[in-house]
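Enquirer: I have a structure I would like to understand better, so I am pasting it below and will then ask my questions one at a time.
The values are calculated or read from the model by the stated rules, or taken from the named source; none is laboratory data. Note that this is a predicted model, so its numbers are computed, not measured. For neighbour counting, all protein chains shown are included, and Cβ atoms are generated from backbone atoms with ideal geometry for every residue, glycine included. For accessibility, only protein heavy atoms count, side chains too; no ligands or nucleic acids. Shrake-Rupley method; radii C 1.70, N 1.55, O 1.52, S 1.80 Å.
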Amino acid sequence: MSNYDLAVKMAQLFIPEDKQVTRSIINDAAKEAIKALRERADNIEEDKLIAYLESLYAVHIGECTILDDNIDHVQWLQDKKSEIEWDFWNRYEKYLKSKGMSPAAVRSIDDITDKVLARIEDPKRTGVWDRRGMVVGHVQSGKTGNYTGLICKAADAGYKVIIVLAGIHNNLRSQTQLRLDEGFLGFDSQIHRAFKKTNTRIGAGKIPTGDKWLIAHSATSSHEKGDFNTKVANQYNVIPGGGDPVLL
């Protein structure tokens, strides 16, 4: 890590996540970071550091608009949220921050995915139920990042089968799977389909999770011809099932 990157990381430690970030707060954080680094900060331009920090924190994100009904829907997330271990989500959140996504953007993904998850059903609800909805976003508005976050939270909540309809073009489907390999699975689906402790880790898979192994499998791969098909279905017993989430 370069001295400049280290200064950015250090400055972010001095910026509170629970309040509106002002230019004054950013200025003070930059000064504290340079002061803490001492001689390692000799070649770091304070104005450049401040400008970069402002680009991270001066982010405006519009509020989402929701139209829904509660027909045959049982509210559940608010009561169960504290009981769920958000392992996939916490890893993905750290991954987004490690890529330089602004805290405001990460908080937005957290908030929106909570709102969507709350409107689909509790996966542990007994009996017969059917819950459907649609989330719409502008082009290049972060839709893949949002539904990757939703998939992580759904897996944490107990959903076991996750199907992504990624369009009719192989190249776009392949790109989508690669993003999900990085953000959700944590390994390259072109090399591995089933989770193993020996898998080479990519993306969020490189984020430390203590002594926990976050296990999810894939029935498809990011190869251009890696879509689900009859051959894959007939060989599906090679993918462990049971209690682990499976991505298609």
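Enquirer: When the Karplus curve 6.51 cos²θ - 1.76 cosθ + 1.60 is applied with θ = phi - 60°, which whole-Hz ³J(HN,Hα) does each residue of the stretch 70-76 get, with x for Gly and Pro?
Expert: Working through the residues one at a time gives 10, 5, 6, 10, 9, 4, 9 Hz.
Enquirer: Also, I was wondering about something else. For the stretch 1-118, with the dipole built from +1 on Lys and Arg beta-carbon atoms and -1 on Asp and Glu ones, taken about the Cα centre, which of VAL8, GLY100, VAL74 lies farthest toward the positive end?
Expert: VAL8
Enquirer: Quick check: Cα centre of the stretch 1-53 to Cα centre of the stretch 163-222, how many Å?
Expert: 34
Enquirer: What residues have an amide H closer than 5 Å to that of SER189, excluding those fewer than 5 places away on the same chain, when H is modeled at 1.01 Å from N in the peptide plane?
Expert: Residues meeting the amide H criterion: SER222.
Enquirer: Using the Cα centre of the stretch 69-188 as the reference point, and only Cβ charges (+1 on K/R, -1 on D/E), how large is the resulting charge dipole? Debye, rounded to the nearest 20.
Expert: About 280 debye.
Enquirer: Of the options ALA41, LEU178, ILE151, report the single residue whose Cα projects farthest towards the positive end of the charge dipole of the chain (beta-carbon charges: Lys, Arg +1; Asp, Glu -1).
Expert: Toward the positive end, the furthest listed residue is LEU178.
Enquirer: Turning to a different aspect of this structure: ASP114: accessible area at probe 1.4 Å, nearest 10 Å²?
Expert: Per-residue accessible area (ASP114): approximately 30 Å².
Enquirer: Using a 1.4 Å probe and ignoring any ligands, DNA or RNA, find the accessible area of GLU85 and quote it in Å² to the nearest 10.
Expert: Accessible area, nearest 10 Å²: 120 Å².
Enquirer: In whole Hz and in residue order, list the ³J(HN,Hα) couplings for the stretch 149-161 that follow from phi through the Karplus curve 6.51 cos²θ - 1.76 cosθ + 1.60, θ = phi - 60°; x for Gly and Pro.
Expert: For the stretch 149-161, the Karplus-derived couplings read x, 5, 4, 4, 5, 5, 5, 4, 6, x, 5, 10, 10 Hz, x marking Gly and Pro.
Enquirer: To continue, here is another question. With a cut-off of 8 Å between alpha carbons and a minimum separation of six or more residues, what is the relative contact order of the chain in percent? Before the final figure, lay out each step's value.
Expert: Working: 285 pairs, mean separation 39.3, N = 248.
Answer for the chain is 16 percent.
Enquirer: A further question follows. Residues of the stretch 88-107 with amide nitrogen under 18 Å from the 7 Å Cα-to-Cβ point of TYR4?
Expert: Only 99-101 pass the distance filter.
Enquirer: Further question: For the stretch 102-211, what is the convex hull (Cα atoms) projected area averaged across all directions, in square nanometres?
Expert: 8.9
Enquirer: Sticking with this structure for a sec: Could you sort HIS192, HIS223, HIS217 by accessible area so the largest value comes first, with the probe set to 1.4 Å?
Expert: Result of the area sort, largest leading: HIS223, HIS192, HIS217.
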